[in-house]
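Right, one structure below, let's go through it.
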Amino acid sequence: MHQQNVSSSLGRAPGAIHPKRRLELSCYDNAVTESFFHTLKTESVDFEHFESRAEAHHHLFDYIEVFYNQKRMHSSLGYHTPCEKLQGIDNSKVA
C-alpha cells in the first residue's frame, strides 16, 4: 500500500503533519549534562563553603563563564574551549 493510500484510509490528508511518536529513551540522553555537573562538582564546588547564595552564584558564574567556557579544553570538542569552537579556531593548525 502506498503512503497516500494509508494516509487517505486513516482520514488524513497526504503530507499532513502528524504528532510524533514518543521515542525510545536512552540511558545516554543525559550523558553530557551529567558530565558537566560532575566536572562542576569536582573542579569547582567540592569542599567549598559559601556564606550566602550570592557568593555561590558569583563563584559558579566565574567558574562557568571565565574558566569552563574560555580556558578549559574539552575532549568532546577536540581539545578546544567552547569559545574557540564557536569562533572556529583550530589550535592544531598553529605551527
Net charge near Y63: determine it from the other residues with C-beta under 13 Å of the C-beta of Y63, scoring Lys and Arg +1 and Asp and Glu -1. -3
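Please sort by residue number the GluC sites (Glu not before Pro) in region 33-95 whose DSSP state is loop and whose Cβ has at most 12 other Cβ atoms within 10 Å.
E48, E51
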Two-site label geometry, F50 and E34: point separation in nm, points 7 Å out along Cα→Cβ: 2.5
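Any read-out appearing in this document is the output of simple, stated calculations on the displayed coordinates, not a laboratory observation. Being a predicted model, the structure only gives us computed values, none of them experimental. No Cβ is skipped: glycine too gets one built from the backbone with ideal geometry, and neighbour counts run over all protein chains shown.
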